[in-house]
Amino acid sequence: QVQLVESGGGLVQSGESLRLSCAASGIFFSLVDMNWYRQAPGKQRELVASITKTYRTNYVDPVKGRFTISRDNTKNTVYLQMSSLKPDDTATYYCNFRAGVRDYWGQGTQVTVSS
């Protein structure tokens with residue numbers, strides 16, 4: 001059974017940092033590209049960062065230079081290191097991967113940044 005479990009969210013002040021983790025099970029983790037998405041209240045879910053199975057990374061413009069995605073295939077875990085957090089980063093963060101035409105999602109972890 002495929003399972004993605006996010007952790008590491010919380011309430012921080014503007015300018016602080018957080019590291020999110022997503023532990024995967026039930027998949028050949030080293031063979032899949034992994035993504036972090038976020039969804040703020042009243043907004044659509046958006047892709048934040050991606051890391052391929054070959055460790056190539058990609059970021060959306062608002063987080064470039066502040067967020068870093070990484071993976072540890074020995075732990076079946078993908079991370080999102082978030083620095084210089086802003087109130088606009090407040091959202092529920094989800095990890096994701098796609099297998100064929102199907103998307104798999106975790107339950108999400110809440111990140112709240114106060115000004």
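Around the Cα centre of the chain, unit charges on the Cβ atoms of Lys, Arg, Asp and Glu (plus for the first two, minus for the last two) sum to a dipole of about 220 debye. Exposed loop sites were defined as chymotrypsin sites (Phe, Trp or Tyr not before Pro) in DSSP loop states (anything but H, G, I, E or B) carrying at most 11 other C-beta atoms within 10 Å; in the chain the longest segment without such a site runs 56-115.
Let's test the formula: R0 of 22 Å, r as the Cβ-Cβ distance of Ser70 and Ser115. What FRET efficiency results, to the nearest 0.05? Could you put the intermediate results ahead of the total?
Values: r = 28 Å, r/R0 = 1.27.
With R0 = 22 Å, the Cβ-Cβ based efficiency is 0.20.
May I ask you to list the trypsin sites (Lys or Arg not before Pro) in the stretch 29-96 that are in a DSSP loop and have at most 16 other Cβ atoms within 10 Å of their Cβ?
Values: sites: Arg38, Lys43, Arg45, Lys53, Arg56, Lys64, Arg66, Arg71, Lys75; in loops: Lys43, Arg45, Lys53, Arg56, Lys64, Arg66, Lys75.
Of the trypsin sites (Lys or Arg not before Pro), the ones in loops of the stretch 29-96 whose Cβ has at most 16 other Cβ atoms within 10 Å are Lys43, Arg45, Lys53, Arg56, Lys64, Arg66, Lys75.
Run the accessible area of the stretch 1-98 with a 1.4 Å probe and give the carbon-and-sulfur part as a rounded percent.
On the way: 2460 of 5310 Å².
Carbon plus sulfur share of accessible area: 46 percent.
Hey, with R₀ at 30 Å, roughly what FRET efficiency would Arg56 and Lys86 work out to, going by the Cβ-Cβ distance, to 0.05? It would help to have the intermediate numbers written out before the result.
Values: r = 26 Å, r/R0 = 0.87.
Once the sixth-power term is evaluated, E becomes 0.70.
The length gained on full extension between Val101 and Arg19, counted as 0.36 nm times the residue separation minus their Cα-Cα distance, comes to 26.6 nm.
The lysine pair tally for the chain, using Cα distances under 27 Å and a gap of 8 or more places or different chains, is 6.
Would you mind getting the accessible area per residue of the chain, heavy atoms of the protein chains only, 1.4 Å probe, in Å²? Don't jump to the answer; show the numbers that get you there.
Details: 6370 Å² over 115 residues.
It amounts to 55 Å² per residue over the chain.
In sequence order, the stretch 60-74 has phi-based couplings of 6, 4, x, 10, 4, x, 10, 10, 9, 9, 8, 9, 10, 5, 6 Hz under the Karplus curve 6.51 cos²θ - 1.76 cosθ + 1.60, θ = phi - 60°, and Gly or Pro positions carry x.
The values are calculated or read from the model by the stated rules, or taken from the named source; none is laboratory data. Bear in mind the structure is a predicted one, so any value in this text is a computation, not a measurement. Don't worry about glycine lacking a Cβ; one is built from the backbone with ideal geometry, like all the others, and counts go over all protein chains shown. Surface areas here come from the heavy atoms of the whole protein model, side chains and all, with no ligands, DNA or RNA. Shrake-Rupley method; radii C 1.70, N 1.55, O 1.52, S 1.80 Å.
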